[in-house]
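Beneath this line is the structure, given in structure tokens, with notes to follow.
We did not get these values from a lab; they are worked out from the coordinates using the rules stated. Computed from a predicted model, the values in this text were never measured in an experiment. No Cβ is skipped: glycine too gets one built from the backbone with ideal geometry, and neighbour counts run over all protein chains shown.
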Amino acid sequence: MTVASQVKQSLASLKSIHAGLQELALISQDEKAQRAFHEAMMMTEEIIADIKKRIGKLEWEEPQYHGK
């Protein structure tokens, strides 16, 4: 497995985690839990944005990784 495919797999996993946190924030009855899930969700958004930038760099630096 190439570095690019590992990074893209990590991105997919993070998106899944983000969706799970979002769902938990919406269905939680406890306000503290809602806040904690929401904060964690916001952190994953930042990480997802960073990883997307890294994928862009990988694809620019190594054209063979583009679109795989």
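Annotations for the structure displayed:
- Option label - volume of the Cα convex hull per residue in Å³ computed here, alternatives (i) 91; (ii) 67; (iii) 118: (ii)
- Label-point separation in nm, Thr2 to Glu62, each point 7 Å along Cα→Cβ: 0.7 nm
- Between Glu23 and Ala49, the distance separating the two model label sites (each 7 Å from Cα on the Cα→Cβ line) works out to 2.6 nm.
- The chain: angle of helix 31-61 to the longest principal axis, Cα-based, in degrees nearest 10: 10 degrees
- Magnitude of the charge dipole for the chain, about its Cα centre and with charges confined to Cβ atoms of Lys, Arg (+1) and Asp, Glu (-1), is about 220 debye.
- Neighbour-count ranking [beta-carbon atoms within 10 angstrom, fewest first] of Arg54, Arg35: Arg35, Arg54
- Nearest 10 degrees, 0 to 90: helix 3-27 Cα axis against the chain principal axis: 10 degrees
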